[in-house]
Amino acid sequence: MKFLKVTMTVFSVLILLLIAFGIAQLCGWEWPTEFSAANWVMSVALGIFCVLLAVSLFGQKFNVKRLGSYILHFGFVAFLTGCLIFTASGVQVLTSVPVNNSVAYSTLQKSDGSLLELGFSFGLDNFNIEYYDPVYDVYEMTADGAKKVKTDIQLNRDGVFDFGKYGGKYTLASLSDGYGGIREQIDLNGNYVALVRRAVKKYTATVSFFEGKDRTVKQLTVNHPLRKKGFKIYLMSYNDASRTATLLFKKDYGEWLSTSGLVLIMGGTFFHCLVYPVIAGKGKKKLPLKKEGAEK
């Protein structure tokens, strides 16, 4: 009982510590960067939490009925340990890189001003933006400003934009701006104009990696990071005006542990909620039904 009280006290202090940390962040209080207090707080909190989970797991006799709970505990410990490793030693650098096939970079500047050696060189050779089919909206220009009168005019089966009473029909070729794009504004009949909307379908960056005399070219897209020398490289955004792409370089030494933990958490939940009730149900004997008219 004494050990249980100590465990619950430590757990309560941990919860209060995390709540205080969250409130401080919501209030906009910034940790002093030279002290890195946030890393210390989160590392200590996660460490204590992992210890408590391990103690609760091994502090009881093994029971098949609790197998799902055991797997969940292992999963939480693995996941939080992976997060702890990333908090303590992970690397994350956001950088803007111009699209220029004659420039290569082997170092990145971190937020504290120090340089991060990558162990390889890279450069952006090209950048391609793929759009969905254009859509036009029609506006009436009045003394009070623009008033939208029709939306979502798309290419029809005949391959034309039909603006109807506002301005007739236009083929896609007739709306070319002469630079490989499409006209953003069309002056229609009277005081009506059509403005284009083009949603981006896909960003694709052509990245070259250099190691000595070896050169490797790969395609980088959003949500599909590249891996190189322990780094995961993400495409975050692109500025068409300056022709620069924003890349995130992330090295997480605890990634495999966190991923394994998530798999265990899902497996433990599946076993506890779905598998074990079925197994336990098969072992139960069905009670015989009483016949009508039988004496009680």
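The values are calculated or read from the model by the stated rules, or taken from the named source; none is laboratory data. Here the structure is a predicted model, which means the values were calculated and not measured. Using ideal geometry, Cβ is built from the backbone for each residue, glycine included, and neighbour counts are taken over all protein chains shown. Remember, those area values only see protein heavy atoms, side chains included, never the ligands or the DNA or RNA. Shrake-Rupley method; radii C 1.70, N 1.55, O 1.52, S 1.80 Å.
In order along the range 73-80, the Karplus-derived 3J(HN,Hα) couplings, from 6.51 cos²θ - 1.76 cosθ + 1.60 at θ = phi - 60°, round to 4, 4, x, 5, 4, 5, 4, 5 Hz, and Gly and Pro are given as x. Taking amide H as placed 1.01 Å from N in the peptide plane, N126 has its amide H under 5 Å from the amide H of T206, each at least 5 places away in sequence or on another chain. Annotation: amide H of V222 within the under-5 Å range of Y203, sequence separation 5 or more or interchain, hydrogens built in the peptide plane. A simple charge model with +1 on the Cβ of Lys and Arg, -1 on the Cβ of Asp and Glu and nothing else charged puts the dipole of the range 84-152 at about 180 debye relative to its Cα centre. Residue by residue, the range 241-246 carries 3J(HN,Hα) couplings of 5, 9, 6, 10, 10, 9 Hz when phi is fed to the Karplus relation 6.51 cos²θ - 1.76 cosθ + 1.60 (θ = phi - 60°); x denotes Gly or Pro. Extension gain, T259-R157: 0.36 nm per intervening residue step, less the Cα-Cα distance, totals 32.0 nm. Rolling a 1.4 angstrom probe over the range 152-275 with all protein chains present gives an accessible area of which 52% lies on carbon and sulfur atoms. With R₀ set to 25 Å, the beta-carbon distance separating T171 from Q219 gives a calculated FRET efficiency near 0.20.
T87 exposes around 40 Å² of accessible area when a 1.4 Å probe is run over every protein chain in place. Residues in the range 83-100 carry Karplus couplings, in order, of 4, 5, 5, 5, 4, 7, 9, x, 10, 8, 10, 9, 9, 9, 10, x, 7, 7 Hz; the curve used is 6.51 cos²θ - 1.76 cosθ + 1.60 with θ = phi - 60°, and Gly or Pro positions show x.
Counting charges near L94 (Lys, Arg +1; Asp, Glu -1) among other residues having Cβ under 12 Å from its Cβ returns a value of +2. Computed over protein heavy atoms with a 1.4 Å probe, the accessible surface of the range 184-257 works out to 61 Å² per residue.
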